[in-house]
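Peer 1: Below you'll find the structure I mean.
The values are calculated or read from the model by the stated rules, or taken from the named source; none is laboratory data. Keep in mind the model is a prediction, meaning the values are calculated, not measured. In this analysis, Cβ positions are derived from the backbone assuming ideal geometry, glycine residues included, and neighbour counts consider all displayed protein chains.
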Amino acid sequence: MTTNQEKYKSAGVDAEHAGDLIRGLMADAGATGPLPRDYYCQLLPLPDWMAAHHGSYLALGTDGVGTKLLLGTQTGLLNCIGQDLVAMVYNDLITCGGQPFAFLDYYAAGKLDADQYAAVIRSIRAACDACDMPLLGGETAEMPGLYRVGEFDLAGFGVAGVREPEILAPVRTMPGDVLVGFPSSGFHSNGYSLIRKVISEKKLDLDAEHTFNGATRALKSWLMEPTRLYTDVIAAIRAGDIDVIALAHITGGGWFENLPRALAEGCGARLDGRAFDAPHSALFHWFADVAAMSREEMLATFNGGYGLVAVCRPPAVDNILEIFPDAQVVGEVVERGAGRVAVT
């Protein structure tokens with residue numbers, strides 16, 4: 001376990017151990033498409049009998065909300081939790097350049113609470129409508145004994161489509177490429193085991209008002225802000241308005257685990273630490289101070305203010321920043337050194 005991951009491990013989450021187990025168990029399960037085995041989603045080529053769609057792929061992705069559900073139950077702020085579920089899947093799917101077009105959900109509880117269930121499903125449907133990824137159905141399960149009263153779990157599964165010329169893949173990245181970050185809406189759906197631990201240990205008042213990025217809200221509202229859906233970014237890419245080579249979705253494992261997935265073998269990344277002094281990073285710095293986390297520890301667990309990162313050639317940067325004025329250059333691709341991601 002590296003020093004950067006010690007804080008998260010102290011909250012009961014050993015991300016490195018989980019990664020080692022997954023890699024060992026899936027060593028002989030090869031990806032069927034042009035993306036790396038550990039990418040955010042996987043591509044499945046359509047079979048030969050679908051000749052009319054030759055050269056097309058289905059992109060498949062699945063994810064959950066994690067222990068943010070517990071904080072949502074504690075605060076009663078569950079009206080937007082469905083967007084977290086949809087966004088975690090949707091934002092993974094678009095990293096291949098595809099257009100998501102179908103979603104399924106899984107809701108499991110010891111005993112269904114009608115009001116809670118209705119709020120969550122309505123939130124899922126609203127988020128699916130917002131990103132044009134219809135909720136086709138899913139599964140609802142009552143499992144008394146497995147979940148305590150009032151607790152539930154969520155998972156989601158999504159499908160996207162992409163033609164071969166449209167695929168965004170890390171194999172095309174090279175040293176000299178520029179990293180452009182698109183702001184996050186907050187913690188998204190990652191690191192909540194640590195967040196909840198700090199809330200408990202520091203006895204944080206969830207109703208106390210805090211000001212970040214020019215807005216003042218209760219702490220619980222900041223912490224439960226739903227994950228941003230990056231619909232505008234993928235729409236601009238697919239329309240040809242911006243030229244992007246690869247996309248990185250910064251989720252669990254932060255920058256050090258997720259950014260390398262969008263880089264070719266032999267490539268690393270140098271992040272400009274000043275990019276994380278932007279106003280939309282203020283919430284993260286506040287939490288890092290409360291939790292006594294270094295900047296590197298913060299970036300090993302959280303998105304630090306940017307939930308999606310585009311890898312692009314230098315000439316494409318100005319156009320991206322013109323269309324997305326809140327985006328920011330956060331670093332560059334370099335030749336791989338001792339570590340794949342460094343912060344300067």
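Peer 1: Counting only residues that are surrounded by 15 or more Cβ atoms within 10 Å (Cβ to Cβ) and either polar (S, T, N, Q) or within 13 Å of residue 84 (Cα to Cα) (or both), how many does segment 120-133 have?
Peer 2: 9
Peer 1: From the set of residues in segment 148-168 that are touching a residue at least 40 places away in the same chain (Cβ under 8 Å) and either assigned to a loop (DSSP other than H, G, I, E, B) or of a type in the set (Val, Ile, Thr) (or both), which is nearest to residue 226 (Cα to Cα)?
Peer 2: Among residues in segment 148-168 that are touching a residue at least 40 places away in the same chain (Cβ under 8 Å) and either assigned to a loop (DSSP other than H, G, I, E, B) or of a type in the set (Val, Ile, Thr) (or both), the one nearest to residue 226 (Cα to Cα) is 151.
Peer 1: If you don't mind, there's one more thing I want to ask. With touching a residue at least 12 places away in the same chain (Cβ under 8 Å) and part of a loop (DSSP other than H, G, I, E, B) as the only criterion, which of 181, 176 stands out?
Peer 2: 176
Peer 1: So which of 250, 245 is under 21 Å from the mean Cα position of the chain (by Cα), under 19 Å from residue 61 (Cβ atoms), crowded, with 16+ Cβ neighbours inside 10 Å and of a type in the set (Val, Ile, Thr)?
Peer 2: From the options 250, 245, the qualifying one is 250.
Peer 1: Are any residues in segment 295-344 in a helix (DSSP H, G or I) and in contact with a Gly (Cβ under 8 Å, 6 or more places away or on another chain), and if so, which ones?
Peer 2: Hits for segment 295-344 are 295, 298, 299, 300, 301, 314.
Peer 1: Can you name the residue in segment 202-221 that is at pLDDT 95 or above and among the small types (Gly, Ala, Ser) and is also farthest from the chain's Cα centre (by Cα) among such residues?
Peer 2: Filtering first and then ranking leaves 208.
Peer 1: For the list (1) acidic (Asp, Glu); (2) within 29 Å of residue 304 (Cα to Cα); (3) touching an Asp or Glu at 6+ places or on another chain (Cβ under 9 Å), I need the number of the one condition that residue 139 fails.
Peer 2: (2)
Peer 1: Something else now. So which of 29, 59, 51, 11 is at pLDDT below 60 and closer than 30 Å to residue 235 by Cα?
Peer 2: After ruling out the rest, the residue left standing is 51.
Peer 1: Using the structure shown, decide if residue 208 is out of contact with any helix residue (DSSP H, G or I) (no Cβ under 7 Å at 6 or more places or on another chain) and either surrounded by fewer than 20 Cβ atoms within 10 Å (Cβ to Cβ) or at negative phi (or both).
Peer 2: The answer is no for residue 208.
Peer 1: Could you tell me which of the residues 128, 96 is without any contact (Cβ under 8 Å) to a residue 60 or more places away in the chain and touching a strand residue (DSSP E or B) at 6+ places or on another chain (Cβ under 7 Å)?
Peer 2: 128
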